[in-house]
1. With the structure loaded, tell me whether Arg13 is within 30 Å of Arg146 (Cα to Cα), at pLDDT below 90, among the charged types (D, E, K, R) and out of contact with any Lys or Arg (no Cβ under 9 Å at 6 or more places or on another chain) or whether it fails that test.
2. From the list Cys165, Cys123, pick out the single residue that is in contact (Cβ under 8 Å) with a residue 12 or more places away in the chain and surrounded by fewer than 17 Cβ atoms within 10 Å (Cβ to Cβ).
3. Mind checking which residues of the range 51-82 are surrounded by fewer than 14 Cβ atoms within 10 Å (Cβ to Cβ), within 29 Å of the chain's Cα centre (by Cα) and acidic (Asp, Glu)?
4. Within the range 126-153, track down each residue that is touching a residue at least 40 places away in the same chain (Cβ under 8 Å), surrounded by fewer than 16 Cβ atoms within 10 Å (Cβ to Cβ) and within 22 Å of Val91 (Cα to Cα).
5. Would you confirm whether any residue within the range 35-46 is modelled with pLDDT of 90 or more, within 28 Å of Arg146 (Cβ to Cβ), under 12 Å from the mean Cα position of the chain (by Cα) and among the charged types (D, E, K, R)?
6. Restricting the search to the range 121-168, which residues are in contact with a His (Cβ under 7 Å, 6 or more places away or on another chain) and part of a loop (DSSP other than H, G, I, E, B)?
Amino acid sequence: MAKATTKEANWQRLLPLLIALVAFIGSALGAIYPRWAFPAEETQRRLIESRINAYHDFLKGQAKLQESIQLSEEGKKEAAEKAQQEYSILVKESKFNIAVYGRKEEVIAIANYFRKYLNIPACGGLREKWEDDVRIYQEIRNGVYRNDSSEMVDESSLAVLLFDCHLD
């Protein structure tokens, strides 16, 4: 009888460890398996997440611009300058992210908006250098969009978003 209770006592001590080990392995596999088994879906999820963050920052920046204009009209110069700085930071970063991760139509629409409502200067210096710079970002977009030629954006639109200048 003593041997049976000893074996039973050992089993009762090991059971929680065994359950914890199975739970740990299950949670680890649950986190890794979808990424391993469905890499395209994981890539798509990350791309959408990057887009959403970029659009959020862009719209937040546009709201800061409107706030800056309103504060300026109210004579609150310091607050207006602060809002203008926040606008610049948010929009500059979001334009870059939209240029890289955004869909073609979105990139062109935003570039056209900036061309229409802001005085976008021509890119100074050697045009060839600007074109080479833009081609680097086009290749990055090719990687993001897995060489989907329908997502190819014209050089001038990318220059407007990336460098705040136009190649036209």
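1. On the way: within 30 Å of Arg146 (Cα to Cα): no; at pLDDT below 90: yes; among the charged types (D, E, K, R): yes; out of contact with any Lys or Arg (no Cβ under 9 Å at 6 or more places or on another chain): yes.
Criteria not met by Arg13.
2. Testing whether each residue is in contact (Cβ under 8 Å) with a residue 12 or more places away in the chain and surrounded by fewer than 17 Cβ atoms within 10 Å (Cβ to Cβ) leaves just Cys165.
3. The one that is surrounded by fewer than 14 Cβ atoms within 10 Å (Cβ to Cβ), within 29 Å of the chain's Cα centre (by Cα) and acidic (Asp, Glu): Glu81.
4. Passing the criteria: only Ile140.
5. No - not one qualifying residue is present in the range 35-46.
6. Cys123
The values are calculated or read from the model by the stated rules, or taken from the named source; none is laboratory data. Remember, predicted model here, so these are calculated numbers, not experimental data. Using ideal geometry, Cβ is built from the backbone for each residue, glycine included, and neighbour counts are taken over all protein chains shown.
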